[in-house]
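Undergrad: Input: one structure, supplied below.
The values are calculated or read from the model by the stated rules, or taken from the named source; none is laboratory data. Predicted model, so just to flag it, every value in this text is computed and none were measured. For neighbour counting, all protein chains shown are included, and Cβ atoms are generated from backbone atoms with ideal geometry for every residue, glycine included.
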Amino acid sequence: MDNVRPLTRDTPADEDGPTRTPPADAAAERALLARCIHTPAEYHEAAELITGEDFYHPAHRLLWDVIGHQLAETKPVDPISLRAAIEKLGQLRLVNNGVLIFEISGEWGPGSATHYAELIHAKTRLRRLDDLAIR
């Protein structure tokens with residue numbers, strides 16, 4: 001049993017223990033949402049690669065779903081309209097009373113929605129593999 005290290009009560013836990021955060025890219029999620037708020041047509045490009053379930057953060061998932069719903073009903077996707085739609089759903093607390101929407105919309109950058117969607121999808125695949133490895 002040379003390949004097994006002895007553990008004592010004082011031995012620290014491995015870094016990949018139960019408190020480890022699953023793979024996610026919050027910056028890519030926020031950047032994609034900002035792109036979709038400012039350029040709604042990019043939502044459809046990204047939606048070919050990912051769904052709301054690909055978002056790790058619940059607030060981002062909610063915002064993605066609301067943007068899709070607003071676009072399906074040909075309603076605007078500006079921060080004020082999104083806040084109103086989320087308020088109707090009774091989920092405003094999830095987006096910090098709407099503050100998160102305005103923060104994200106202010107983070108609009110030069111990247112493409114497709115690129116951010118690919119980053120998010122890659123993290124989703126890693127989370128699924130991670131989940132299988134834990135089981």
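Undergrad: Looking at L82, is it crowded, with 20+ Cβ neighbours inside 10 Å and over 15 Å from the mean Cα position of the chain (by Cα)?
TA: yes
Undergrad: Taking G90, is it out of contact with any strand residue (DSSP E or B) (no Cβ under 8 Å at 6 or more places or on another chain), of a type in the set (G, A, S), surrounded by fewer than 17 Cβ atoms within 10 Å (Cβ to Cβ) and modelled with pLDDT of 95 or more?
TA: So G90 passes the test.
Undergrad: So, one more: Given the conditions (1) closer than 16 Å to T114 by Cα; (2) within 16 Å of the chain's Cα centre (by Cα), report the number of the one that H60 does not fulfil.
TA: In the conditions (1) closer than 16 Å to T114 by Cα; (2) within 16 Å of the chain's Cα centre (by Cα), H60 misses (1) alone.
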